[in-house]
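The values are calculated or read from the model by the stated rules, or taken from the named source; none is laboratory data. As the structure is a prediction and not an experimental result, all values here were calculated from the model. Note that we place each Cβ from the backbone using ideal geometry, even for glycine, and neighbour counts take in every protein chain shown. Accessible surface areas use protein heavy atoms only, side chains included; no ligands, DNA or RNA. Shrake-Rupley method; radii C 1.70, N 1.55, O 1.52, S 1.80 Å.
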Amino acid sequence: MEERVFTVAIVAEHPVSRAGMEKLASDDTGLRVVSAVGSVAELRRTAGSYDVVVLDLPHIDLVNVQEVAEVAALGRALVSSTWGGSPTLLATIRAGARGCISRFAEQQDVRAAMRIMVQGGFYICPRMVGQFQFELANQAQAEQSGLAPREIETLRWIASGFTHAQIAARMGLSQATVNTYAKRIRAKLNVNNKADLTRMAIELGHFSHGRHSTPAA
């Protein structure tokens, strides 16, 4: 019986990285690269769907976490990047990644990731297992912060870019109550500004881009 050939798309801004990923995938007879582009926008224009989409990111930030979500809608997302701060591995996974590899991963690990993912599995490369376990432990501690349901809702609105007055109108509360919720949230999560609140909302799984409507101008 002939082995199925799985389709792969590669998104990498840098031509050298793109060519390297394409070579790694093409060396596996069970994989076929059908698209190799420089941006997520280019991939969307192909209007295709794939078994695996490799997304190479020099670094992770709040903007390209959204790109992970967009790629995940087109195929199983394998993210190649460097992690060490925020957003975290867990935030990337919550955005839709089915596999995460270090940009310094061995070639056999990259191929293994693709092979496992096309079969429906999940992959973390060996270089990042320790960090993944560390983040899971930190996540357990964060969950003990015990945000109440209304505080979680408030956090989502804040992360979506709404003012306290706009949040109050949407939640049917007074602005003073929203101010109190926001103060409690900052205390429980030990953050001091909106940027850190947005980061924590993403990392705790309480927010993803597009969940709420955009604030009125």
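Think of it as helices only: each DSSP H run of n ≥ 4 in the chain is worth -39500 (n - 2.57), and spread over all residues that comes to -14500 deg cm²/dmol at 222 nm.
In whole percent, how big is the carbon plus sulfur part of the accessible area of the chain, probe 1.4 Å, protein atoms only? Heavy-atom surface of the chain belonging to carbon and sulfur, 1.4 Å probe: 51 percent. Excluding ligands, DNA and RNA, the accessible surface per residue across the chain is 50 Å² with a 1.4 Å probe. Hydrodynamic analysis of the chain uses the Kirkwood radius over alpha carbon pairs. Inserted into Stokes-Einstein at 10 °C and 1.306 mPa s, it gives a translational diffusion coefficient of 85 µm²/s.
Below 8 Å between Cα atoms, with a sequence gap of 6+, how large is the relative contact order for the chain in percent? Numbers along the way, then the final one.
Details: 329 pairs, mean separation 33.1, N = 217.
So the answer I get is 15 percent.
Over all other residues within a Cβ to Cβ distance under 12 Å of Val33, the charged ones net out to -1, with Lys and Arg as +1 and Asp and Glu as -1. The Cα atoms of the range 1-126 cover 46, 34, 27 Å along the three principal axes, with the biggest extent listed first.
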